[in-house]
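Peer 1: One structure coming up, written as structure tokens, with questions to follow.
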Amino acid sequence: MKLQVAMDVLTTEAALELAAKVAPYVDILELGTPLIKSEGVRAITAIKTAHPDKLVFADLKTMDAGELEADLAFAAGADYVTVLGTAGDSTIVGAVKAANAHGKGIVVDLIGVADKVTRAQQVTGLGAVFVEMHAGLDEQAEAGFTFATLLTDGETSKVPFSVAGGVNLDTIAAVQRAGAEVAVAGGAIYGAADPAASAAALRAAIV
């Protein structure tokens with residue numbers, strides 16, 4: 001299982017500083033949506049240039065103009081780009097077309113999708129390399145939400161998936177048992193007093 005860090009910072013400088021600390025322990029460097037909105041695709045180029053040996057994940061959360069937006073990110077150096085699962089199929093197909101042209105991959109983020117299992121199977125059929133079983137901060141605060149639901153949806157879908165939204169030292173073993181290809185840690189790393197130590201501990205927990 002790969003380890004991905006979600007860098008939910010707002011400047012390229014902060015992202016480069018964080019990436020430098022945690023890169024030895026992670027496989028995928030994710031530029032969070034707020035960072036890309038704040039700094040533009042040049043932030044993608046900066047991270048890829050600094051860490052050419054790492055996979056760079058541009059969390060665009062595209063909802064429309066899939067081919068255009070994905071092409072911009074791939075041209076800037078991204079290896080993966082996200083499209084929302086609530087987007088229309090044509091948007092996802094367009095993004096996949098751009099990915100294929102660059103030899104890269106589209107990940108479909110299922111945040112806000114009620115039936116994650118069905119949609120996961122649909123978008124994988126459209127060409128997504130994997131789906132992200134993702135619960136945002138708002139969804140995590142809703143009554144009845146449990147982290148286990150994400151893992152169950154991932155297992156049930158029987159497609160390649162990652163898990164984001166609650167991955168930490170207490171949950172990462174369960175994420176791996178569920179069969180996730182990628183564990184996405186955000187606050188557990190960037191919010192830690194020592195991000196490098198936290199990333200190292202998460203890496204050590206993956207067997």
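FYI, it's all coordinate maths here, none of it is from the lab. Everything numeric in this text was worked out from a predicted model, so none of it was measured. A quick note on method: Cβ atoms are made from the backbone with ideal geometry, for glycine too, and the neighbour counts reach across all protein chains shown.
Peer 1: For the range 2-205, what is the per residue volume of the convex hull drawn over the alpha-carbon atoms, in cubic angstrom?
Peer 2: Taking only Cα atoms, the range 2-205 has a hull volume of 106 Å³ per residue.
Peer 1: In addition: Counting other beta carbons within 10 Å of each residue's own, what order do R203, R42 fall into, fewest first? Display every interim value, and only then the final one.
Peer 2: Numbers: R203 16, R42 12.
Placing the least packed residue first, the sequence is R42, R203.
Peer 1: For the range 25-102, what relative contact order do you get, as a whole percent, if you take Cα pairs closer than 8 Å and at least 6 residues apart? The partial results should precede the final answer.
Peer 2: Values: 128 pairs, mean separation 23.4, N = 78.
That works out to 30 percent.
Peer 1: While we're looking at this one, here's another question. For A204 and A50, FRET efficiency with R0 = 30 Å and r from the beta-carbon atoms, rounded to 0.05? Intermediate results must be reported in sequence, preceding the final value.
Peer 2: On the way: r = 24 Å, r/R0 = 0.81.
Once rounded, the FRET efficiency stands at 0.80.
Peer 1: So what are the range 16-59's ellipsoid semi-axes, whole angstrom, largest first, if each one is the square root of 5 times an eigenvalue of the alpha-carbon gyration tensor? Before the final figure, lay out the partial values.
Peer 2: Details: eigenvalues 56, 20, 17 Å².
Over the Cα atoms of the range 16-59, the ellipsoid semi-axes are 17, 10, 9 Å.
Peer 1: Can you give the FRET efficiency to the nearest 0.05 for A196 and K37, using r as the Cβ-Cβ distance and R₀ = 30 Å?
Peer 2: Working: r = 27 Å, r/R0 = 0.89.
Computed FRET efficiency for A196 and K37 comes out at 0.65.
Peer 1: Under 1.5 on a/c is rounded, so check that first for the range 88-207, then, if it is not, pick prolate when a/b is larger than b/c and oblate when it is not; a ≥ b ≥ c are the square roots of the alpha carbon gyration tensor eigenvalues. List each step's numbers first, then the result.
Peer 2: Details: a/c = 1.91, a/b = 1.47, b/c = 1.30.
Note, shape of the range 88-207 comes out prolate.
Peer 1: May I pose another question? Percent relative contact order of the range 2-205, based on C-alpha pairs within less than 8 angstrom and at least six residues apart?
Peer 2: On the way: 421 pairs, mean separation 37.9, N = 204.
This gives 19 percent for the range 2-205.
Peer 1: Arrange I106, I28, I206 by Cβ neighbour counts within 10 Å, fewest through most, would you? All intermediate terms of the calculation are to be shown ahead of the outcome.
Peer 2: Values: I106 28, I28 19, I206 14.
Least to most surrounded, the residues fall as I206, I28, I106.
Peer 1: Additional query: So between D115 and D89, what do we pick up on full extension, going 0.36 nm a residue minus the alpha carbon distance?
Peer 2: Details: separation 26, 0.36 × 26 = 9.36 nm, distance 1.56 nm.
Roughly 7.8 nm would be gained on extension.
Peer 1: What nm distance separates the two modelled labels at E181 and A141, each placed 7 Å from Cα along Cα→Cβ?
Peer 2: 3.3 nm
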